[in-house]
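Scroll down for the structure; my scribbles are underneath it.
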Amino acid sequence: MLVMRTRSNTKLGRKCDFCNKEAVEFVRYSGAHLCSQHFAEFFERRVKREIATQIDIGKRAVIGVGLSGGKDSSVCLYLINKIFSRHRAVRIVAITVNEGIEGYRVETIEAGKQLCKTLGVEHHIVSFKELFSREMDEIAGRDRRRACTYCGVLRRKALNLASKKLGCTVLATGLNLDDTVQSILMNFTRGDVEKLARMAPHVHVQPGLVPRILPLRSVPEREVYLYALLSKIPFSHAVCPYADLALRNQYRAIIEILDKENPSVKFGILKSHDEILPLLREKYQQKELQPCKICGEPSIREICKSCELLEGKVRDEMESM
Ligand code: SF4
Ligand SMILES: [Zn+2]
Ligand SMILES: [Zn+2]
């Protein structure tokens, strides 16, 4: 039997609070001991609730799922498929972005392919090379510390382009509670309050932008991992070589310190953000988007963020020659 042995469930060796089976998880923030079946039900209930509050599927829908091949996006696709595969008016497509990161992406793409094959979900792969003429390793070059900044912006654009091409009405990504809370704090401490108002899930549909939903937004990362293992979902454990340089690691560390003392802290941050969100959206009303002068994609400014980054990169490289 699989049992997660971490500091949060040192009280295991106990029975589930709802049946006679052995508990596989101690949920610190609720005090519940859960067996694998009751843990899965608890997990799925929250994801279904999130999806129901974030989208109204309507009569016909094409749900795109950003699939990196890691645990989060794999669980996201698995559950979207479990919930919607019997809806005849819903089509599900998985989209993988190959950024071109040596020693990392090949393995995760294989895991994604395997999952799609098992589930019978159509799978599309797009690459930075075909969209931006350069791979991530080339873009990062010697500027490794900024790799995630480039990668995040370009991957968002790649996913949006692919989703539009495939006719997706909505795009689901696997961001979990930990990712979401880190992003909230990063925007907050940077003083980028407007960005707090723009975070997914998106309520307003902007022309040219496929609205994003986050089905795993309220489930902690460790529970996503446990659910993936218990459900035997194939996923890759590979870690991106740039991951240890990401700024969000510092935020992750701070939040984990707070979480040790207060297991509800992540939910508290998310709740606070959701409470002030209507006020933020009122203050920072969605600006009309215009086509980027370089690529034609919708943008707040004359030049979109990805073109700005890529153009700046080329300029820096020319100047350093
Ligand atoms: S860790 Fe950074 S560079 Fe690696 S895939 Fe994630 S965002 Fe991209
Ligand atoms: Zn049980
Ligand atoms: Zn552009």
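Three principal axis extents of the stretch 124-258 based on alpha-carbon atoms, in descending order, are 41, 39, 37 Å. Debye-formula intensities of the stretch 63-142, expressed as log10 I(q)/I(0) at q = 0.22, 0.25, 0.26 Å⁻¹, are -0.95, -1.12, -1.18 (one equal scatterer per alpha-carbon, no solvent).
Per-residue ellipticity at 222 nm computed for the chain from its helices equals -15500 deg cm²/dmol, with DSSP H segments shorter than 4 residues left out and the rest contributing -39,500 (n - 2.57).
A compact globular protein would have a Cα radius of gyration near 2.2 N^0.38 Å; the ratio found for the chain is 1.02. Cα-Cα over 25 Å: which of 266/287; 195/293; 15/71; 48/305? Pairs exceeding 25 Å: 266/287; 15/71; 48/305. Taking 0.36 nm per residue of sequence separation and removing the Cα-Cα distance, the residue 102/residue 164 pair yields an extension gain of 19.6 nm. The stretch between residue 231 and residue 14 holds 76.0 nm of extra length on full extension. This uses 0.36 nm per residue minus the Cα-Cα distance. May I ask for the percentage of alpha-carbon pairs in the stretch 183-321 that lie more than 23 Å from each other? Cα-Cα pairs of the stretch 183-321 separated by over 23 Å account for 55 percent.
Tell me which of 104, 92, 230 sits at the most positive position along the dipole axis of the stretch 57-286, charges placed on C-beta atoms (Lys, Arg +1; Asp, Glu -1). Highest projection toward the positive end goes to 92.
The region of the chain that goes longest without hitting one of the GluC sites (Glu not before Pro) in a DSSP loop, each with at most 12 other Cβ atoms within 10 Å, is 103-287.
Straightening the chain between residue 271 and residue 129 buys 47.2 nm, computed as 0.36 nm per residue apart minus the Cα-Cα spacing.
Rule-based calculations on the coordinates, nothing more; no lab input. Quantities reported herein were computed from a predicted structural model and do not represent experimental measurements. As a convention, Cβ positions derive from the backbone with ideal geometry for all residues, glycine included, and neighbour counts pool all protein chains shown.
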